[in-house]
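Structure record follows, encoded as structure tokens.
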Amino acid sequence: EAQVTQNPRYLITVTGKKLTVTCSQNMNHEYMSWYRQDPGLGLRQIYYSMNVEVTDKGDVPEGYKVSRKEKRNFPLILESPSPNQTSLYFCASSLGLAPHEQYFGPGTRLTVT
Amino acid sequence: RKEVEQDPGPFNVPEGATVAFNCTYSNSASQSFFWYRQDCRKEPKLLMSVYSSGNEDGRFTAQLNRASQYISLLIRDSKLSDSATYLCVVNWVGYALNFGKGTSLLVTP
């Protein structure tokens, strides 16, 4: 089944404790992206990647890191999480070369206390 | 900052009604347009792409007006299952998608 998976789905952590949210897709898509969704603010792009070893900042990259060492994986790293990073995070992927349909993962609900 | 604007609603309509949403975008160089649907606490899913000539998919019709910089979504014969948030999405550079904040639709019996 073609899908985007994210782990964990739910995470409660404390300020400053490094964490990684994994994202994997099995569709051989070139393009992958991370978004956060907050009430009243909608979906905002954090980082995106157009292919292996090619990443770029989205609208709200501060406090986040990403890597793209393999085509299928695009982890999101929070080196020192803060309460303002409490949010619902979505990973997405699409076939490259044009903004085709993006397939979203099920979301990760992160709470930083 | 380039914007994608939507009326947040909620739009409360009875089953069988026709409802229309509009979305405006600020960048005249925008290239691609989409409507996504998002159910509560779930991931967004593509509903339909929006083409310059307008396009229809069953009960759903999407229109693009480049001169006025807006896109629209028309839903005919609303079903209870159409209740969701509808996200207007615009691409204006590279591969990045810019999402509106969404319009909430509630279809009631």
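The values are calculated or read from the model by the stated rules, or taken from the named source; none is laboratory data. Predicted, not measured: the structure shown is a model, and the values here were computed from it. Here Cβ is always computed from backbone atoms with ideal geometry, including for glycine, and neighbour counts include all displayed protein chains. Side chains included, ligands, DNA and RNA excluded: accessible areas come from the protein's heavy atoms. Shrake-Rupley method; radii C 1.70, N 1.55, O 1.52, S 1.80 Å.
Which of the residues that make up the range B:2-41 are in contact with an Asp or Glu (Cβ under 9 Å, 6 or more places away or on another chain), open to solvent by 60 Å² or more (accessible area, probe 1.4 Å) and either at the interface with chain A (Cβ under 10 Å from one of its Cβ atoms) or charged (D, E, K, R) (or both)? Scanning the range B:2-41 gives a single hit, B:Glu15.
All of A:Gly58, A:Gly42 fail the test of being open to solvent by 10 Å² or more (accessible area, probe 1.4 Å), out of contact with any Cys (no Cβ under 8 Å at 6 or more places or on another chain), within 11 Å of another protein chain (Cβ to nearest Cβ) and within 16 Å of B:Phe99 (Cβ to Cβ), apart from A:Gly58. Among the residues of the range A:45-55, the ones that are surrounded by fewer than 21 Cβ atoms within 10 Å (Cβ to Cβ), within 14 Å of another protein chain (Cβ to nearest Cβ) and within 14 Å of A:Asn28 (Cα to Cα) come to 2 in all. Residues that are away from chain A (no Cβ under 14 Å), out of contact with any Gly (no Cβ under 8 Å at 6 or more places or on another chain) and open to solvent by 40 Å² or more (accessible area, probe 1.4 Å) within the range B:42-63 comprise B:Ser52, B:Ser53, B:Glu56, B:Gly58, B:Arg59, listed in sequence order.
Pairs meeting the criteria (first residue in the range B:73-91 and of a type in the set (Asp, Glu), second residue part of a strand (DSSP E or B), beta carbons under 8 Å, at least 6 apart or on different chains) are B:Asp82/B:Ile75; B:Asp82/B:Leu105; B:Asp82/B:Val107.
Of these, A:Thr22, A:Thr15, which one is open to solvent by 60 Å² or more (accessible area, probe 1.4 Å) and in a loop (DSSP other than H, G, I, E, B)? Before you say what the answer is, go through the steps one by one.
On the way: A:Thr22 fails: in a loop (DSSP other than H, G, I, E, B).
After applying the criteria, what remains is A:Thr15.
Counting just the residues of the range A:61-94 that are loosely packed, with under 15 Cβ neighbours inside 10 Å and assigned to a loop (DSSP other than H, G, I, E, B), which one comes out nearest to the other protein chains (Cβ to nearest Cβ)? The selected residue is A:Glu62. Among the residues of the range B:75-87, are any surrounded by 14 or more Cβ atoms within 10 Å (Cβ to Cβ) and facing another protein chain (nearest Cβ under 10 Å)? Looking through the range B:75-87, at least one residue is surrounded by 14 or more Cβ atoms within 10 Å (Cβ to Cβ) and facing another protein chain (nearest Cβ under 10 Å). Among the residues of the range A:25-60, the one identified as aliphatic (A, V, I, L, M), farther than 28 Å from B:Tyr86 by Cβ and not in a strand (DSSP E or B) is A:Val52.
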